[in-house]
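Have a look at the structure below, then the notes.
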Amino acid sequence: MKHKIKLSLLLTIFLFNFAQAQITGNRPINLNNSDEISYLEPKNYIIGGVTVTGAQYLDTEVLISISNLIVGQYIEVPSEQTAKVIKDLMAQNLFEDVQLYATKIQDETIFLEIRVVERPRLTRVDLNGLSKSQTEEVRKRLNSNTGKIVNENLLQTTRSTVEKFLREKSYLYPDIKIKTIKDSSQQNYQIVQVDVERNKKIKVRKVDFEGNEAFSDKQLRKFLKGVKPRAWFRVFGPGKFKEDKYEEAKEKLVAKMQDKGYRDAQILKDSIWRYDKNEVAIDFEIYEGPKYYVGNIDWTGNAKYKDSVLNILLGIQKGDVYSEEKLNSKLSGPTRNSDDIAAIYQNDGYLTFNVQPVIKRIYKDTVDLEIQMFEGKQYTINNVILKGNDVTNDRVVLRSIYSKPGQKYSRELLVRSVREISQLGMFDEQKITPMPTNLNYEDGTTDIEFSVAEKPSDQVELSGGYGAGQVIGTLGLTFNNFSTSNFFKKEAWKPLPRGDGQKLSIRGQTSGKRYQSYSFSFSEPWLGGKKPIYFGLSAYISNSQSQYYNYQTGRYEGYANNPKINMHGVTATLGKRLQWPDNYFQINSSLSYQRYALENYGNYFLFSDGTATNINFTQEISRNSIDAPIYPTSGSHLKFSVQVTPPYSLWNDINYATAPDREKYKWTEYHKWKFDSQWYTKIVGKLVLKTQAQFGYLGTYGDESPTSPFERFKLGGDGMQGFDFLQGSEIIAMRGYANGTVIPASTGNGMQGIAQQSGSPIYTKYQIELRHPIMLNEQATVFALAFAEAGNTWNKFSEVNPFKVRRAVGVGARIFLPIFGMLGIDYGHALDPIPGMQTSQWKQNFTFSIIQNMGGF
């Protein structure tokens, strides 16, 4: 028996030494998958070292840390601990395979090796089935995935990203297949290929409601703004389903029900289910709850106004339908210049005023309210601080600010100040921020800090065009922040002196020797620097000679009789801002001198040879309350002007019936009346409605004197002066029609009738325009528009019929770039033909315009 025990012991020792010899002999043993170890006879070792092999991109120290194999600690081999090393590393989802080996055993010390096979890395994601722009957008969202481990998580993330993008575009049910392809150009890299079948965009077939009694299904669908189910009156079918719009619509639905007095209203459940291949249906389960009414209203904390006064200002009485939205708007409106109670206090210096409605009691269908007010102190403005005006002088901005040191704080004047600063045109309207600061409760003072951001305001007009058989080039420069006070300071020329808010414009237009026109204008909005007295000075000179227009062939043919016209003029203007009826009014007075010299011009004008002198005085009154010069959203701009010349016919003893043209038109006489009105109204969100009405009349002082050939109105086209031989004519834009083609019915038909008259003495024009912004920032302002216009011209008052007009509709866009001004492109469709002309002559679908004067009209 003893001999058997000794033999077994010797055999065990031999086998152990043999196993140890195998490890020592450079043949490592896999501790988790080997026939050479037994889980029945595990043994404890001290870890002598740990190494990692096979890792190309991962930090080996981090992998050792994850394995929890610590040098110097005991480990049982084999055991659950060795198995856990593999489990923990595989759980990282970074490896195709992980093995644990014993590379060496010395006595009770074991040396371990972790062998890993990394998962492949991502080279790129190939997208098939999307448009070019959609592919680029999805790539941006997936860009950070490049170089990551290709595993199930990455594939799922890629699928989710594509699905989310498509859902945003109303593709709710796409078919997406994802597979991996080995990248032959890089070792252990793969390309993820995503094949997308978008299918059609999903629309809403119907919306059904359950649980509603007080509200009809029709009302609830109307409340559900942004979700448009199929209906007979929707010409273009139902609206596309978008998840973000749907979530907003649900909030609006509940808010609208609560606004009608059902304060407990809520959506219990909603479900979206596929109606057919291209449509979904939506089901709502609604809880309306009872309808609530206003009970007693108690005021607390009010010292300035009595309860009775506040009740009148609130405008909500006992028994009214309870609406939290109406209550909050009456207490503290959403706009800073509203007539809510908070505005009444804050416009009277109560800067820290706060009001909070609290539901005091609800019994049956009645809600008692307690309105808690904190009036605080009346604050006086201590200092007005400017920040961000790096170019514009402080005084230019400060004189536009209505919040002055020493005045009581007023929220209304703060809003007005922001508007006036934006009207300067030198700052980004979106970044003008007024902020009360340095509040001192002890003495009731505060500073007002205006933060502004300068924007490029100088403009360049560089254009070329073809007209009257010749190519015409135009170069114009407008400096909107010029400074005469720095004119003689060398360091201020960068490239011109700037900072005083003055405007300097220089413009030249030429086609060579045949046509040249140059103009200059300068304006100072604060003459003398102390009062808002406007001063303007402008001058121009123009010379042209024309080719003969053959109406038989429709071409310009040489220089028959060499028609010529030379013009020059100068205008001086003084204006003043009024305080009555309110301080939005402005009055301007202008004195102008113009001289026209014509030679052989009978084919183009009312008279052929001679000179005409136009000395006139213009009185203009206007009111401008629009909130922004580039993209107005509210306010109006009204302008009325009268322009008169001396009544020469009353004393010159000229018989106008028999006098030659040279004598008849030597001194131009007329009286000219104009009215223009623009109104801006915010419809919903950023959608703005612009309405406009214009009227012009050119009259005479007596029946004997003829209507002036100058200062008439030309209706039609883009409204740009461009190449016009008679710049004394006023160009009125009307899209859809060619330039100047909207002529009176009593004028000769055809193009010859247009050419032989220099415009019309009477015109009217109406416009409706819907605008929506695409981009509003410092670099550019872009908005789209849809318009309807109507207008006409007449030769006599007896012919005038303001309802007999020529109409046009269309769409367009405006792009405001600080350096170029406002650029416009429109597609107009004229609805009423011009008698005597072919369609190609009077119709002009596309219209391009450049508008540099953003001051209004």
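The values are calculated or read from the model by the stated rules, or taken from the named source; none is laboratory data. On a predicted model such as this, the values are computed, not experimentally measured, just so you know. Every residue, glycine among them, receives a Cβ derived from its backbone with ideal geometry; neighbour counts consider all protein chains shown.
Take the range 31-55 and flag every residue that is among the polar types (S, T, N, Q) and at pLDDT below 80. Quick ask: steps written out before the conclusion?
Of the range 31-55, the ones among the polar types (S, T, N, Q) are 32-34, 38, 44, 51, 53.
Asn32, Asn33, Ser34, Ser38 - these are the residues of the range 31-55 that are among the polar types (S, T, N, Q) and at pLDDT below 80.
Name the residue that is farthest from Ser323 (Cα to Cα), counting only residues in the range 256-267 that are among the charged types (D, E, K, R) and surrounded by 17 or more Cβ atoms within 10 Å (Cβ to Cβ).
Residues of the range 256-267 among the charged types (D, E, K, R): 256, 259-260, 263-264.
Pick out the ones that are also surrounded by 17 or more Cβ atoms within 10 Å (Cβ to Cβ) and you get 256, 259-260, 263.
Numbers: Lys256: 9, Asp259: 5, Lys260: 6, Arg263: 8 Å.
The selected residue is Lys256.
For (1) assigned to a helix (DSSP H, G or I); (2) among the aromatic types (Phe, Trp, Tyr); (3) at pLDDT 95 or above, each residue gets a yes or a no:
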| position | (1), (2), (3) |
| --- | --- |
| Trp273 | no, yes, no |
| Lys304 | no, no, no |
| Leu313 | yes, no, no |
| Lys318 | no, no, no |
| Asn328 | yes, no, no |
| Arg336 | no, no, no |
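For the range 411-433, enumerate the residues that are under 23 Å from Asp500 (Cβ atoms) and of a type outside the set (D, E, K, R). Give the derivation first.
At the first step, the residues of the range 411-433 found to be under 23 Å from Asp500 (Cβ atoms) are 416-429, 431-432.
Once the filter is applied, which keeps residues that are under 23 Å from Asp500 (Cβ atoms) and of a type outside the set (D, E, K, R), the range 411-433 yields Ser417, Val418, Ile421, Ser422, Gln423, Leu424, Gly425, Met426, Phe427, Ile432.
Suppose the filter is touching a helix residue (DSSP H, G or I) at 6+ places or on another chain (Cβ under 9 Å) and under 30 Å from Ile381 (Cβ atoms); does Asp500 pass it?
Numbers: touching a helix residue (DSSP H, G or I) at 6+ places or on another chain (Cβ under 9 Å): yes; under 30 Å from Ile381 (Cβ atoms): yes.
Yes, satisfied.
Any idea which of Glu118, Glu108, Glu76 is of a type outside the set (S, T, N, Q) and closer than 30 Å to Ile191 by Cα?
Glu118
Is the range 621-641 home to any residue that is crowded, with 16+ Cβ neighbours inside 10 Å, at positive phi and either without any contact (Cβ under 8 Å) to a residue 40 or more places away in the chain or under 22 Å from the mean Cα position of the chain (by Cα) (or both)?
Scanning the range 621-641, I find at least one residue that is crowded, with 16+ Cβ neighbours inside 10 Å, at positive phi and either without any contact (Cβ under 8 Å) to a residue 40 or more places away in the chain or under 22 Å from the mean Cα position of the chain (by Cα) (or both), so the answer is yes.
Would you be able to say whether some residue in the range 527-538 is under 23 Å from Asn600 (Cα atoms), among the hydrophobic types (A, V, I, L, M, F, W, C) and modelled with pLDDT of 90 or more? Show your work before the answer.
Filtering the range 527-538 for residues under 23 Å from Asn600 (Cα atoms) gives none.
Looking for residues that are under 23 Å from Asn600 (Cα atoms), among the hydrophobic types (A, V, I, L, M, F, W, C) and modelled with pLDDT of 90 or more, one finds none in the range 527-538, hence no.
Can we say Asn128 is exposed (fewer than 15 other Cβ atoms within 10 Å of the Cβ) and in the same structural domain as Gln193 (by TED's automatic domain parsing)?
Numbers: exposed (fewer than 15 other Cβ atoms within 10 Å of the Cβ): yes; in the same structural domain as Gln193 (by TED's automatic domain parsing): yes.
Answer is yes for this residue.
Exactly one condition in (1) β-branched (Val, Ile, Thr); (2) without any contact (Cβ under 8 Å) to a residue 60 or more places away in the chain; (3) over 19 Å from Ser329 (Cα atoms) is not met by Ile282; state its number.
Of (1) β-branched (Val, Ile, Thr); (2) without any contact (Cβ under 8 Å) to a residue 60 or more places away in the chain; (3) over 19 Å from Ser329 (Cα atoms), only one is false for Ile282: (2).
Can you name the residue in the range 396-417 that is free of Cβ contacts under 8 Å to residues at least 24 places away in the same chain and in contact with a strand residue (DSSP E or B) (Cβ under 9 Å, 6 or more places away or on another chain) and is also surrounded by the fewest Cβ atoms within 10 Å (Cβ to Cβ) among such residues?
Among residues in the range 396-417 that are free of Cβ contacts under 8 Å to residues at least 24 places away in the same chain and in contact with a strand residue (DSSP E or B) (Cβ under 9 Å, 6 or more places away or on another chain), the one surrounded by the fewest Cβ atoms within 10 Å (Cβ to Cβ) is Lys404.
So that you can scan it fast, the table gives a plain yes or no per residue for (1) at pLDDT 95 or above; (2) outside any loop (DSSP other than H, G, I, E, B); (3) of a type outside the set (Gly, Ala, Ser):
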site: Lys360; (1), (2), (3): no, yes, yes
site: Val391; (1), (2), (3): no, no, yes
site: Tyr402; (1), (2), (3): no, no, yes
site: Glu412; (1), (2), (3): no, yes, yes
site: Ser422; (1), (2), (3): no, yes, no
site: Glu442; (1), (2), (3): no, no, yes
site: Thr446; (1), (2), (3): yes, yes, yes
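Against the definition (buried (at least 20 other Cβ atoms within 10 Å of the Cβ), free of Cβ contacts under 8 Å to residues at least 40 places away in the same chain and either hydrophobic (A, V, I, L, M, F, W, C) or not assigned by TED's automatic domain parsing to the domain that holds Tyr45 (or both)), how does Val98 come out, yes or no?
Values: buried (at least 20 other Cβ atoms within 10 Å of the Cβ): yes; free of Cβ contacts under 8 Å to residues at least 40 places away in the same chain: yes; either hydrophobic (A, V, I, L, M, F, W, C) or not assigned by TED's automatic domain parsing to the domain that holds Tyr45 (or both): yes.
Spelling it out, Val98 is indeed buried (at least 20 other Cβ atoms within 10 Å of the Cβ), free of Cβ contacts under 8 Å to residues at least 40 places away in the same chain and either hydrophobic (A, V, I, L, M, F, W, C) or not assigned by TED's automatic domain parsing to the domain that holds Tyr45 (or both).
Do the conditions hold for Tyr409, that is, is it aromatic (Phe, Trp, Tyr) and over 16 Å from Gln346 (Cα atoms)? Let's see the steps before the verdict.
Details: aromatic (Phe, Trp, Tyr): yes; over 16 Å from Gln346 (Cα atoms): no.
Against the criterion (aromatic (Phe, Trp, Tyr) and over 16 Å from Gln346 (Cα atoms)), Tyr409 does not qualify.
Please find, among Ile432, Ile385, the residue that is touching a residue at least 40 places away in the same chain (Cβ under 8 Å) and within 19 Å of Ala453 (Cβ to Cβ).
Details: Ile432 fails: touching a residue at least 40 places away in the same chain (Cβ under 8 Å).
Checking each option against the conditions leaves just Ile385.
Which condition number does Ser798 fail, the rest of (1) under 30 Å from Lys455 (Cβ atoms); (2) without any contact (Cβ under 8 Å) to a residue 40 or more places away in the chain being met?
Of the numbered conditions (1) under 30 Å from Lys455 (Cβ atoms); (2) without any contact (Cβ under 8 Å) to a residue 40 or more places away in the chain, the odd one out for Ser798 is (1).
With respect to Ser760, is the statement that it is at pLDDT 90 or above, crowded, with 17+ Cβ neighbours inside 10 Å and touching a Phe, Trp or Tyr at 6+ places or on another chain (Cβ under 8 Å) true?
Yes: the conditions hold for Ser760.
Residues in the range 216-239: is at least one without any contact (Cβ under 8 Å) to a residue 40 or more places away in the chain, within 30 Å of Arg121 (Cβ to Cβ) and either exposed (fewer than 15 other Cβ atoms within 10 Å of the Cβ) or aliphatic (A, V, I, L, M) (or both)?
no
From Leu253, Leu327, Leu310, which residue is of a type outside the set (D, E, K, R) and either surrounded by fewer than 18 Cβ atoms within 10 Å (Cβ to Cβ) or more than 36 Å from the chain's Cα centre (by Cα) (or both)? Talk me through it step by step, then tell me what you get.
Details: Leu253 fails: either surrounded by fewer than 18 Cβ atoms within 10 Å (Cβ to Cβ) or more than 36 Å from the chain's Cα centre (by Cα) (or both); Leu327 fails: either surrounded by fewer than 18 Cβ atoms within 10 Å (Cβ to Cβ) or more than 36 Å from the chain's Cα centre (by Cα) (or both).
Just one listed residue meets the conditions, Leu310.
Would you confirm whether any residue within the range 788-810 is modelled with pLDDT of 95 or more, buried (at least 18 other Cβ atoms within 10 Å of the Cβ) and of a type in the set (Asp, Glu)?
Scanning the range 788-810 turns up at least one residue that is modelled with pLDDT of 95 or more, buried (at least 18 other Cβ atoms within 10 Å of the Cβ) and of a type in the set (Asp, Glu).
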